[in-house]
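Chemist: If you scroll down you'll find the structure; I have some questions about it.
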Amino acid sequence: MIARVSLEIALRREFDYAVPPDLVDKVDVGSRVQVPFGARKILGVVTAVAEESAYTNLKPIIKVIGAQALVTAKVLKLARWIGEYYCCAPEIALKSVLPEAVRKEDAGWREKLFVRMLPVAGEFPKLPKRQQDVWNIIEEQREILLSELLELAQTTAATVRKLEDRGLVTITNEISERDPYAREVILASQPLVLNPSQANAFEKIKAAMERTEDDKREPSSTLHPLSSTFLLHGVTGSGKTEVYLQAIAHALEQGKGAIVLVPEISLTPQTVERFKARFSSGKLQTLVAVLHSHLSAGERHDEWHKIRQGRARIVIGARSAVFAPVEPLGLIIVDEEHESTYKQEEAPRYHARDVSIMRGLMENAVVVLGSATPSMESYYNCKKGKFTLLGLPERVDNQKMPLVRVVDMRQAGIKEKGPPIFSPQLKEAITQRLERKEQTILFLNRRGYSTSLQCPKCGYVANCPNCSITLTYHRPEQKLSCHICGHSEKVPSVCPEPKCKNPAIRFAGTGTQKVEDILGRLFPHARIKRMDADVMKRKDDYRRVLNEFRNGAIDILIGTQMIAKGLHFPNVTLVGIIYADMALHQPDFRAGERTFQLLTQVAGRAGRGDVEGEVFVQAFTPFHPAIQYARRHDFVGFYEQEIEFREQLKYPPTGRVALLTLKGRNEDKVKFSAEHLKHELEKLAGRAPAPGAPVAVSVEEAELFDLGDKPDPHGTSAAPVNVFRDLLISGPAPAPLLRAESFYRYQIMLRTRAMSRLSQSLAGIVATLVLPDDVTLAVDIDPVNLS
Ligand code: ADP
Ligand code: ZN
């Protein structure tokens, strides 16, 4: 027997190994194995098993890691698609499907060494100081993990063994299972009676689940193969989560499991609790595993294995939970599907929403994307008849949407000295809330005090020495700091230009610290708290401040995007958005979409109790469509006008984008390399894609996914047609953020409708492209961040 293995080192090919007779029973597709490679021993994953190999003299596999194949054949197929589509080496794609804690050799179901104290018979012996110190800790804890003990006592295992020799303690091997939510008390919840829109959505989802069960998507079916992907468009509070819960219950009834993706920031204990509560008892009882980055490696390992063993049928997690080994998989839910955090910003640069859709297609699972402000991509796919649109137009409690008032800051600023922070209207509204003992949220997506330091005399601006941005002034620490690389320096007291030395240097621009400061002076009796990355340092801070706010111990909460998401406070009747158009004028075709989403989300924080909410949107471009449609809570209106602009420029969703970024410390070399790359790409525009290696998913299948309404009719023909007729190459140009962490960056942007084919060809180019040693190329397919 032969095993084909993808190695965990950056090699773009696979190797055949012999399977020794004693390992034949253990080696399967997905097994993690250790193999010899030159003089080294390396870890890899078996991607195929075969009777024979084209090579002779195969080296044998050394050992198999873990009892069960860690990567299921299905997840393996998905990883290969990621490698193909996102244009990265298969071993990089493979790496991402297993959490680090599971991948490491020593992280099997390893038993842990526990130290336990024994009853002392007779007189307690006199111990040397080191042993006594260790004993004191054991005595206090009675039972402790050896590793924890060593850390606490700053000692070695040998010292503990001495205590064992004296008969004072035992050291034993035991499985220790960790439960990150062990301390939460969870009360069981029952399904609610759905309102008509919820019921309609649920019925459609259920029908699709039964369809996938019955005919396994017969080719004769007239439905689009993606019609089992749903977009659930419902304002916040419209009861989406209840629909998810009932759909999950249905999956369990069918004997299948479910994956729920939520943005990292919304993975609060409350969210997790809602899912655990529903399935904590009754006939559908199952464990709910949680996967996210705040778990310890051990917790992550255990959660993952609970899924792999089939004990947890439901997984709730951030981006990478899309790879959870749920089998069989009936349902994938992507909540807040428009969130940019679903995109991974390092290789493999996958988008978890899109991976979900692909996984659903491969495993016959139903996919539900939910949002109050869907992405342009998903809504477009509904319009094109690919996805199925479901709407929850009203809030469950029939609450009215808050009244949104746009304040023209050009008017508001006339009488003030500097650029204003609070319009008279907003000030007045805050005063009212304080009088009525209602709460206010103020939103500004920029931390720090002032956003730049300038000299009005010579024009000096304090810039980061490593990045092409200005330094932000942080008043509590009296520092200037860079929000990209973290560089920080003291605030100069005079202009640092040697010829200038002007003492009247000025801070400009407003951050959350300044808002807090000025607010404190305007309303000296108000209880004000700020919530941004500067004050929320510890894991618990976030929860603590929110609790204070919920309990009414805070009148005004100021914050960055941290407070924009899913918070529900009945007593908040006013939301103020300090600069609504701040993100609007950035060099990114999604600037309008992001602003619309953010305003809608933030505005949704107001008026969720009995009192109607009011939102003040302060803007310098008050008539911008993103602001005006958000004011009217009109997603469809926004979509209709935005899609025109996207269509004109072939931006997503009407075309697909690949962004190639070259970076290096020498600007000339980077620029030159970018020109060279462009030259190679231009050759591509004139020819058919290279016949690549066999792919995990046929190009036709993958193209369902691309934006052409139909797969290219010439795609399957053998004649070398040019499928890149529509390929647009822009650049190279300096990246919007030319310099970051002392690297210069140049970009080339590609636009096409046939992205699956383009990625295949790009892989060929990337593999043969010769770049100077100190210049690197990053390929980002469907980029979310263009800077
Ligand atoms: P969303 O996920 O769309 O923000 P939720 O599912 O959180 O909305 O629903 C908002 C609130 O309404 C929750 O407190 C939920 O328990 C309640 N709710 C949802 N559906 C119903 C229903 N059919 N009947 C009564 N209450 C409901
Ligand atoms: Zn910097």
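The values are calculated or read from the model by the stated rules, or taken from the named source; none is laboratory data. If you're wondering where the values come from, they're calculated on a predicted model, not measured in any experiment. Virtual Cβ from ideal backbone geometry, glycine too; neighbours counted across all protein chains shown.
Chemist: Out of 326, 322, 334, 262, which single residue is aliphatic (A, V, I, L, M), touching a helix residue (DSSP H, G or I) at 6+ places or on another chain (Cβ under 7 Å), within 14 Å of ligand 1 (Cβ to nearest atom) and within 20 Å of residue 81 (Cα to Cα)? So that I can check it myself, show each step before the final result.
Modeler: Values: 326 fails: within 14 Å of ligand 1 (Cβ to nearest atom); 322 fails: within 14 Å of ligand 1 (Cβ to nearest atom); 262 fails: within 20 Å of residue 81 (Cα to Cα).
Residue meeting the stated conditions: 334.
Chemist: If you check 42, 65, which single one turns out to be touching a Gly at 6+ places or on another chain (Cβ under 9 Å) and among the aliphatic types (A, V, I, L, M)? Give the steps one after another, and end with the answer.
Modeler: On the way: 42 fails: touching a Gly at 6+ places or on another chain (Cβ under 9 Å).
Checking each option against the conditions leaves just 65.
Chemist: Which one is surrounded by the fewest Cβ atoms within 10 Å (Cβ to Cβ) among residues in the stretch 724-775 that are over 24 Å from residue 482 (Cα atoms) and of a type in the set (Ser, Thr, Tyr)?
Modeler: Top of the filtered list is 768.
Chemist: Return only the number of the condition from (1) out of contact with any Leu (no Cβ under 6 Å at 6 or more places or on another chain); (2) within 16 Å of ligand 1 (Cβ to nearest atom) that residue 390 does not satisfy.
Modeler: Here residue 390 meets the rest and fails (1).
Residue by residue, here is whether (1) part of a loop (DSSP other than H, G, I, E, B); (2) surrounded by 18 or more Cβ atoms within 10 Å (Cβ to Cβ); (3) away from ligand 2 (no atom under 16 Å from the Cβ) holds:
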residue: 337; (1), (2), (3): yes, yes, yes
residue: 341; (1), (2), (3): no, no, yes
residue: 355; (1), (2), (3): no, yes, yes
residue: 360; (1), (2), (3): no, yes, yes
residue: 381; (1), (2), (3): no, yes, yes
residue: 386; (1), (2), (3): yes, yes, yes
residue: 389; (1), (2), (3): no, no, yes
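Chemist: Report whether or not residue 692 is crowded, with 20+ Cβ neighbours inside 10 Å, modelled with pLDDT under 90 and over 30 Å from residue 394 (Cβ atoms). So that I can check it myself, show each step before the final result.
Modeler: Values: crowded, with 20+ Cβ neighbours inside 10 Å: no; modelled with pLDDT under 90: yes; over 30 Å from residue 394 (Cβ atoms): yes.
No; evaluated as a whole, the condition is false for this residue.
Chemist: Can you pull out the residues in the stretch 620-644 that are closer than 23 Å to residue 439 by Cβ and of a type in the set (A, V, I, L, M, F, W, C)? First the steps, then the outcome.
Modeler: As a first pass, look at the stretch 620-644 and keep what is closer than 23 Å to residue 439 by Cβ: 630-631, 633.
Selection gives 630 alone.
Chemist: With respect to residue 461, determine if the residue is within 16 Å of ligand 2 (Cβ to nearest atom) and aliphatic (A, V, I, L, M). Outline the logic, then answer.
Modeler: Working: within 16 Å of ligand 2 (Cβ to nearest atom): yes; aliphatic (A, V, I, L, M): yes.
Against the criterion (within 16 Å of ligand 2 (Cβ to nearest atom) and aliphatic (A, V, I, L, M)), residue 461 qualifies.
Chemist: Of the conditions (1) more than 16 Å from ligand 1 (Cβ to nearest atom); (2) crowded, with 17+ Cβ neighbours inside 10 Å; (3) under 22 Å from residue 424 (Cα atoms), residue 527 fails just one. Which one is it?
Modeler: Single failed check for residue 527: (2).
Chemist: What is the residue count in the stretch 319-335 for residues that are in a helix (DSSP H, G or I), out of contact with any Ser or Thr (no Cβ under 9 Å at 6 or more places or on another chain) and not small (Gly, Ala, Ser)? Give the steps one after another, and end with the answer.
Modeler: In the first step, residues of the stretch 319-335 are kept if they are in a helix (DSSP H, G or I); the result is 319-323.
Next, only the ones that are out of contact with any Ser or Thr (no Cβ under 9 Å at 6 or more places or on another chain) stay: 321.
Subsequent filtering for residues that are not small (Gly, Ala, Ser) retains none.
Total satisfying the criteria: 0.
Chemist: Considering (1) farther than 18 Å from residue 506 by Cα; (2) assigned to a loop (DSSP other than H, G, I, E, B), say which one residue 427 fails and leave the rest.
Modeler: Going through (1) farther than 18 Å from residue 506 by Cα; (2) assigned to a loop (DSSP other than H, G, I, E, B) one by one, residue 427 breaks only (2).
Chemist: A further question follows. Here is a list: 480, 434. Which entry is hydrophobic (A, V, I, L, M, F, W, C) and either free of Cβ contacts under 8 Å to residues at least 60 places away in the same chain or within 16 Å of ligand 2 (Cβ to nearest atom) (or both)? If you could, list the steps in order and put the result at the bottom.
Modeler: Details: 434 fails: either free of Cβ contacts under 8 Å to residues at least 60 places away in the same chain or within 16 Å of ligand 2 (Cβ to nearest atom) (or both).
That would be 480, the only listed residue that is hydrophobic (A, V, I, L, M, F, W, C) and either free of Cβ contacts under 8 Å to residues at least 60 places away in the same chain or within 16 Å of ligand 2 (Cβ to nearest atom) (or both).
Chemist: Also: Filtering the stretch 445-459 down to residues that are in contact with a strand residue (DSSP E or B) (Cβ under 7 Å, 6 or more places away or on another chain) and part of a loop (DSSP other than H, G, I, E, B), which residue is nearest to ligand 1 (Cβ to nearest atom)?
Modeler: From the stretch 445-459, those in contact with a strand residue (DSSP E or B) (Cβ under 7 Å, 6 or more places away or on another chain) are 448-454, 456; that's our starting set.
Filter again for part of a loop (DSSP other than H, G, I, E, B), leaving 448-449, 451, 456.
Details: 448: 32, 449: 34, 451: 33, 456: 48 Å.
By that ranking, first place goes to 448.
Chemist: Among the residues of the stretch 536-587, count how many are of a type in the set (D, E, K, R), out of contact with any Phe, Trp or Tyr (no Cβ under 7 Å at 6 or more places or on another chain) and either over 20 Å from residue 515 (Cβ atoms) or not in a loop (DSSP other than H, G, I, E, B) (or both). Step through it out loud before you land on a result.
Modeler: First pass over the stretch 536-587, keeping only residues of a type in the set (D, E, K, R): 537-541, 543-544, 548, 550, 555, 565, 581.
Still in the running and out of contact with any Phe, Trp or Tyr (no Cβ under 7 Å at 6 or more places or on another chain): 537-541, 543-544, 548, 555, 565.
Add one more test, that the residue is either over 20 Å from residue 515 (Cβ atoms) or not in a loop (DSSP other than H, G, I, E, B) (or both), and what stays is 538-541, 543-544, 548.
Number of matching residues: 7.
Chemist: Among the residues of the stretch 358-370, count how many are at pLDDT 95 or above and either under 30 Å from residue 777 (Cα atoms) or within 16 Å of ligand 1 (Cβ to nearest atom) (or both).
Modeler: Qualifying residue count, the stretch 358-370: 3.
Chemist: Okay, next question. Enumerate the pairs (first residue in the stretch 445-469 and in contact (Cβ under 8 Å) with a residue 40 or more places away in the chain; second residue anywhere and within 16 Å of ligand 1 (Cβ to nearest atom)) with beta-carbon separation below 9 Å, excluding pairs fewer than 6 apart on the same chain, so at least 6 apart or on different chains.
Modeler: Once the first residue is in contact (Cβ under 8 Å) with a residue 40 or more places away in the chain and sits in the stretch 445-469, its partners that are within 16 Å of ligand 1 (Cβ to nearest atom) give 445/564.
Chemist: While we're looking at this one, here's another question. Any residue in the stretch 736-759 that's more than 15 Å from residue 726 (Cα to Cα) and charged (D, E, K, R): show its pairings with residues that are at pLDDT below 85 and outside any helix (DSSP H, G or I) at Cβ separation under 6 Å, as long as the two are six or more apart or on different chains.
Modeler: Qualifying pairs under 6 Å: 739/468; 741/485.
Chemist: Restricting to the stretch 126-179, give me the number of residues that are closer than 20 Å to residue 296 by Cβ and assigned to a loop (DSSP other than H, G, I, E, B).
Modeler: The total comes to 5.
Chemist: Tell me yes or no: at least one residue of the stretch 483-504 is within 16 Å of ligand 2 (Cβ to nearest atom), hydrophobic (A, V, I, L, M, F, W, C) and within 27 Å of the chain's Cα centre (by Cα).
Modeler: Yes - at least one qualifying residue is present in the stretch 483-504.
Chemist: Working carefully through the options 538, 608, 544, find the one that is over 25 Å from residue 449 (Cα atoms) and either of a type in the set (D, E, K, R) or at pLDDT below 90 (or both). Walk me through how you get there before you give the answer.
Modeler: Details: 538 fails: over 25 Å from residue 449 (Cα atoms); 544 fails: over 25 Å from residue 449 (Cα atoms).
When all the criteria are applied, what remains is 608.
Chemist: So which of 282, 298 is in contact (Cβ under 8 Å) with a residue 60 or more places away in the chain and assigned to a loop (DSSP other than H, G, I, E, B)?
Modeler: Sole residue among the options that is in contact (Cβ under 8 Å) with a residue 60 or more places away in the chain and assigned to a loop (DSSP other than H, G, I, E, B): 282.
Chemist: Enumerate the pairs (first residue in the stretch 217-238 and among the basic types (Lys, Arg); second residue anywhere and in a loop (DSSP other than H, G, I, E, B) and at pLDDT below 80) with beta-carbon separation below 8 Å, excluding pairs fewer than 6 apart on the same chain, so at least 6 apart or on different chains.
Modeler: Matching pairs, first to second residue: 217/225.
Yes/no matrix, rows are residues, columns are (1) part of a helix (DSSP H, G or I); (2) in contact (Cβ under 8 Å) with a residue 24 or more places away in the chain:
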position: 27; (1), (2): no, yes
position: 35; (1), (2): no, yes
position: 42; (1), (2): no, yes
position: 45; (1), (2): no, yes
position: 48; (1), (2): no, yes
position: 56; (1), (2): no, no
position: 70; (1), (2): no, yes
position: 74; (1), (2): yes, yes
position: 78; (1), (2): yes, yes
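Chemist: Identify all residues within the stretch 88-124 that are touching a Lys or Arg at 6+ places or on another chain (Cβ under 6 Å), modelled with pLDDT of 80 or more and farther than 30 Å from residue 762 by Cα; write none if there are none.
Modeler: 117, the sole residue that qualifies.
Chemist: Consider residue 550 against the criteria (1) closer than 22 Å to residue 599 by Cβ; (2) within 16 Å of ligand 1 (Cβ to nearest atom); (3) surrounded by fewer than 17 Cβ atoms within 10 Å (Cβ to Cβ): it satisfies all of them except one. Which criterion is unmet?
Modeler: For residue 550, the failing item is (1).
Chemist: If the requirement is being exposed (fewer than 15 other Cβ atoms within 10 Å of the Cβ), in contact with a strand residue (DSSP E or B) (Cβ under 9 Å, 6 or more places away or on another chain) and touching a residue at least 12 places away in the same chain (Cβ under 8 Å), which of these qualifies: 14, 52? Outline the logic, then answer.
Modeler: Values: 14 fails: exposed (fewer than 15 other Cβ atoms within 10 Å of the Cβ).
Answer to the check: 52.
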